[in-house]
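In what follows, a structure is listed as structure tokens, so that the remarks can point back to it.
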Amino acid sequence: IEVIRGPGAALWGANAVNGVISIVSKPARETQGTLVRAVAGTTNREFAVRYGGSTGPKSYFRVAAQGLETEGLRLANGADAGDDRRLLRLSSRWDGQTAGDAAFTLQSGVYRGLINQVGQQQSTVQGGHFNARIERRLSEVVTLSAFATYEHAERRIPLTYSEIRDTGNIELEASGQKPQHAAVLGVRTRASADRIGNGLALGFVPT
């Protein structure tokens, strides 16, 4: 997790006014081998497995699966409130280099969760994403990069509302840096579309 202070709109977008919290996942070459983790507590349980390998001298990958479960709370009489939650997540990452020495990263993931609430039917959340990034250094000073991402998300709350959202983003960037100065020039386009389903308790007009 990287905390960046000060304005950074040129790098991070128009909303980066006072700072940015950037969450960066580890490169695949730093997560080689097999990892199995299990956590159990009074209310929370987690199980995760991850495997990382290599497909060449400059090509690394990893795949992972994670399951989370949170038990429901207890009512005053000791009975289960029935508001437990479960989530399953699958993910993958591939880092490598092309014949032209351009570095690339491909990431993908899918998830599905079940959420129970007191006095309501079971809600579901599910979705997935795909990210692609390629970067090439033209010289010790100038670097070109391209980034594309697509995300699909669904949230369904019976009798209340549902939302299905698709979001796509493409970025092209050229950067130059010397000891005294740095410059960034880029272009970005983003599109997001959703479909809202009205329920008995909540409605959007127009839909």
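The values are calculated or read from the model by the stated rules, or taken from the named source; none is laboratory data. Because the structure is predicted, anything quoted here is derived from the model rather than measured. Ideal geometry is used to build each Cβ from the backbone, glycine not excepted, and the neighbour counts take in all protein chains shown. The accessibility values were calculated without ligands, DNA or RNA, using every heavy atom of the protein model including side chains. Shrake-Rupley method; radii C 1.70, N 1.55, O 1.52, S 1.80 Å.
Give me a count of the residues in region 95-109 that are modelled with pLDDT of 95 or more and among the aliphatic types (A, V, I, L, M).
Going through region 95-109 one residue at a time, the tally reaches 1.
Within region 22-37, is even one residue over 17 Å from the mean Cα position of the chain (by Cα), under 25 Å from G127 (Cβ atoms) and charged (D, E, K, R)?
Taking every residue of region 22-37 in turn, at least one turns out to be over 17 Å from the mean Cα position of the chain (by Cα), under 25 Å from G127 (Cβ atoms) and charged (D, E, K, R).
Under 8 Å by Cβ, and 6 or more places apart or on different chains, what pairs join a residue from region 17-43 that is closer than 20 Å to A65 by Cβ with one that is among the aliphatic types (A, V, I, L, M) and open to solvent by less than 40 Å² (accessible area, probe 1.4 Å)?
These pairs meet every condition: L35/A48; V36/A48; R37/A48; A38/A48.
So that you can scan it fast, the table gives a plain yes or no per residue for (1) among the β-branched types (V, I, T); (2) touching a His at 6+ places or on another chain (Cβ under 8 Å):
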| position | (1), (2) |
| --- | --- |
| A153 | no, no |
| P158 | no, no |
| D166 | no, yes |
| I170 | yes, no |
| P179 | no, no |
| A191 | no, no |
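Has region 174-184 got at least one residue that is under 20 Å from G109 (Cβ atoms) and out of contact with any helix residue (DSSP H, G or I) (no Cβ under 6 Å at 6 or more places or on another chain)?
No - not one qualifying residue is present in region 174-184.
Rundown of residues vs (1) touching a Leu at 6+ places or on another chain (Cβ under 7 Å); (2) open to solvent by less than 40 Å² (accessible area, probe 1.4 Å); (3) more than 30 Å from A99 (Cβ to Cβ), yes/no style:
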residue	(1), (2), (3)
T124	yes, yes, yes
A132	yes, yes, no
L144	yes, no, no
F147	no, no, no
Y150	no, no, no
E154	no, yes, yes
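If you go through region 198-207 one residue at a time, do you hit one that is open to solvent by 60 Å² or more (accessible area, probe 1.4 Å), among the hydrophobic types (A, V, I, L, M, F, W, C) and either part of a strand (DSSP E or B) or within 30 Å of R136 (Cα to Cα) (or both)? Write out each step before concluding.
Narrowing region 198-207 to residues open to solvent by 60 Å² or more (accessible area, probe 1.4 Å): 198, 200-202, 204-207.
Then keep just the ones that are among the hydrophobic types (A, V, I, L, M, F, W, C); that gives 200-202, 204-205.
Filter again for either part of a strand (DSSP E or B) or within 30 Å of R136 (Cα to Cα) (or both), leaving none.
The answer is no; no qualifying residue exists.
Just name the residue that is modelled with the highest pLDDT out of those in region 75-94 that are open to solvent by less than 70 Å² (accessible area, probe 1.4 Å) and over 21 Å from the mean Cα position of the chain (by Cα).
D84
Considering only strands (runs of 3 or more DSSP E) fully contained in region 6-62, which possess at least 3 residues that are among the aromatic types (F, W, Y) and surrounded by 13 or more Cβ atoms within 10 Å (Cβ to Cβ)?
none
Can you tell me which of A40, A65, A28, A79 is closer than 25 Å to G119 by Cα and among the aliphatic types (A, V, I, L, M)? Please lay out each step first, then the result.
On the way: A40 fails: closer than 25 Å to G119 by Cα; A65 fails: closer than 25 Å to G119 by Cα; A28 fails: closer than 25 Å to G119 by Cα.
Selected residue: A79, the only one of A40, A65, A28, A79 that is closer than 25 Å to G119 by Cα and among the aliphatic types (A, V, I, L, M).
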